[in-house]
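Asker: Got a structure for you, questions after.
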Amino acid sequence: MWPYFAPYKWLMFLAITASIITASTNGALAVAVKYVFDDMFKPNDYTYLYILPIVVVVIYVAKSGFLFMQGFLMSYIGNKVIEKLRNETFEKMVRLPVKYYSNQSTGVLMSRITNDINLVQSSIPTIISMFRAVLTMVGLIGVIFYMNYQLALIALVLYPIFIFPLSIISKKLRKYSHLGQERMGDLTSVLQESFSGIRVVKAFVAEEKEVDRFEKANAQTIKYANKSVLAGNLASPLTEALGSFGIGAVLLMGGYQVISGTSTTGTFIAFLAALVQIYEPVKLFANSNNALQASIAASDRVFSMFDEEDEVIENKGTITCNAEGKDIEFKNVSFKYDNDIYALKDVSFKVKAGSTVAFVGPSGAGKTTMAHLIPRFYDVTDGAILIGGVDIKEYDLYSLRHNIATVSQDAFLFNDTIRNNISYSKANATDEEIKKAARAAYADEFIESFPEKYDTLCGERGVKLSGGQKQRVTIARALLKNPPILILDEATSALDTESERVVQKALDNLMQGRTSFVVAHRLSTILNADMIVVFNKGGIEAIGRHEEILVSSPTYKKLYEMQFKIEEMEQEML
């Protein structure tokens, strides 16, 4: 964590200095008590009567001022550190490869950047409180040894006994805090899924099911919260119970010394005052340790993610990619996910620049997987994908993706204006460029009908727009990017016939002059493709134009006949 604090080292120095002064005032007050009882009430001597009240006021004012300085400075530093940590955590998250997200729920990732970092933030004032407590203890221990080393030894003999139970409690707290934070991630995941899929919940009358899921996740969270509370609340009572033996022994021995005349009343009362003050920071230290263990568990979860390799490190490439006018070759491509089953096996074919290639086949045949390999959302297990004769692994990852635009079945839009969603692919786009892309995508006709036109908010995931409208906005976004390579992943499969007709016109505009890969659901949309690749069980069954593979591929023929019958039935119903 030090690199995060380093820019504020001088402010930290001031805060630590303020903590030291604050801690020293407790010892000064204990010494003042001795003089109050021994010297302030001497007959006909008014010297200490005038001096001591002023000394006490000065001590308390100094303590309050430096306590404020320490608290403000450390809170300020803590907030700035958390700002940087949260920024770097999010930056790390968005740079992680797609395969990392395949194994993590959105809710867990959200919990890392919100709940876990909030716990890390709480550790900063906690650490300072513990630091001040230690300084206070050291100062007061020095005072009581100065006053009466015999009583000090008796009082402090029990302190080493505190260490063992507190160390056990600390381990338990860290364990339960870690498990509790994991369960909080699960809880956040349930929330995110329930709210994002609220229409599915409503459609299937599954409110009770979601409530049950939430209650189970919440119960697990509270289970570990209660375990943490149980362990944490043992610290303070344990400290007080053990401390009472020390105070009892001091009362016995100190009282004997005062009665026998070997010690003064003021010294004994001051000693007791200092001793009582020592037990307060001990309790504070024990209680602060509870919060610190939760923070340590949270920081372990946050910083463990920094050990993951991001895409830029994992996928090193130095050549700047320019795919304009270049052929693309798939050379003995094989791919498997985390299991040992190949999703693609030994796939080879070449694509001419500017041509349209359609991927067809039954569900699970490998069509979408092949499309995901082109922008390197995943890397091939064996073989290579070449653009202009160069393995795409040799290209700088970002420059490669600048050459590719994707329009998928899931038309994702941000909760922002239509203007900003279209210009997402080109930050410095002018209004005219945005409108030109919208016109080419046949989106301007509905955009202009909105009262706020291009400044209309799309809602979360584009919920305020229809399916066809969302898809046309995503097409406009791809048009504005103007890439040489285009991937259409079942872009019209979720649309009704009328919307599909308009969107298909927009896609035709988008595909002009580009090397286009179309993952096809409706075969009627790819009959004129330059090449159709039929996938089956992870391999290629046939390659060719529609007329050729209708004869050579049983899979394609079956799919075509099934869809032809469905379309006939749809026409009869109209």
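The values are calculated or read from the model by the stated rules, or taken from the named source; none is laboratory data. Nothing here was measured: the structure is a model prediction, and the numbers come from that model. Backbone-built Cβ (ideal geometry, glycine too); neighbour counts: all protein chains shown.
Asker: Under 6 Å between Cβ atoms, which residue pairs at least 6 apart in sequence (or on different chains) link something in segment 513-536 that is more than 18 Å from Ile328 (Cβ to Cβ) with a partner that is among the aromatic types (Phe, Trp, Tyr) and part of a strand (DSSP E or B)?
Answerer: none
Asker: Then there's this: Just give me the residues in segment 519-559 being small (Gly, Ala, Ser) and closer than 16 Å to Ser355 by Cβ, in sequence order.
Answerer: If we filter segment 519-559 for residues that are small (Gly, Ala, Ser), which is where we start, we get 520, 524, 529, 538-539, 542, 544, 552-553.
Selection gives Ala520, Ala529, Gly544.
Asker: Any idea how many residues of segment 479-501 are over 23 Å from Ala429 (Cβ atoms) and at pLDDT below 80? Even if it seems obvious, please write down each step before you answer.
Answerer: First, pick out the residues of segment 479-501 that are over 23 Å from Ala429 (Cβ atoms): 489-490, 492-501.
Right, trim to at pLDDT below 80 and you get 490, 492-501.
The qualifying residues number 11.
Asker: Let me ask you something else. So which residues in segment 346-371 are touching a Phe, Trp or Tyr at 6+ places or on another chain (Cβ under 9 Å), surrounded by fewer than 19 Cβ atoms within 10 Å (Cβ to Cβ) and assigned to a strand (DSSP E or B)?
Answerer: If the condition is that a residue be touching a Phe, Trp or Tyr at 6+ places or on another chain (Cβ under 9 Å), surrounded by fewer than 19 Cβ atoms within 10 Å (Cβ to Cβ) and assigned to a strand (DSSP E or B), then Ser348, Phe349, Lys350 are the ones that fit.
Asker: Something else now. Can you list the helices (runs of 4 or more DSSP H) lying wholly within segment 395-497 that have 2 or more residues being under 28 Å from the mean Cα position of the chain (by Cα)? Before the answer, list the steps.
Answerer: Working: elements: 397-402, 418-422, 431-440, 444-447, 467-481.
Helices (runs of 4 or more DSSP H) meeting the threshold: 397-402, 418-422, 467-481.
Asker: Additional query: Among Met137, Met110, which is in the same structural domain as Glu280 (by TED's automatic domain parsing), surrounded by fewer than 18 Cβ atoms within 10 Å (Cβ to Cβ), modelled with pLDDT of 75 or more and assigned to a helix (DSSP H, G or I)?
Answerer: Working: Met137 fails: surrounded by fewer than 18 Cβ atoms within 10 Å (Cβ to Cβ).
From the options Met137, Met110, the qualifying one is Met110.
Asker: Out of segment 322-365, which residues are among the β-branched types (Val, Ile, Thr) and within 23 Å of Thr525 (Cα to Cα)?
Answerer: At the first step, the residues of segment 322-365 found to be among the β-branched types (Val, Ile, Thr) are 328, 333, 341, 347, 351, 356-357, 360.
Hits for segment 322-365 are Ile328, Val351, Thr356, Val357, Val360.
Asker: Select, from Ile422, Ile404, Ile418, the only residue that is in contact (Cβ under 8 Å) with a residue 40 or more places away in the chain, closer than 22 Å to Ala529 by Cβ, crowded, with 18+ Cβ neighbours inside 10 Å and of a type in the set (A, V, I, L, M, F, W, C).
Answerer: Values: Ile422 fails: closer than 22 Å to Ala529 by Cβ; Ile418 fails: closer than 22 Å to Ala529 by Cβ.
Sole residue among the options that is in contact (Cβ under 8 Å) with a residue 40 or more places away in the chain, closer than 22 Å to Ala529 by Cβ, crowded, with 18+ Cβ neighbours inside 10 Å and of a type in the set (A, V, I, L, M, F, W, C): Ile404.
Asker: Select from segment 360-386 the residues that are hydrophobic (A, V, I, L, M, F, W, C) and touching a Gly at 6+ places or on another chain (Cβ under 8 Å) and list them in ascending order.
Answerer: Pass one, segment 360-386, residues hydrophobic (A, V, I, L, M, F, W, C): 360, 365, 370-371, 373-374, 377, 380, 384-386.
Selection gives Ala365 alone.
Asker: Identify the residue in segment 462-486 that is over 20 Å from Ala520 (Cα atoms) and of a type in the set (Lys, Arg) and, among all such residues, is surrounded by the fewest Cβ atoms within 10 Å (Cβ to Cβ).
Answerer: Residue satisfying both the conditions and the ranking: Lys464.
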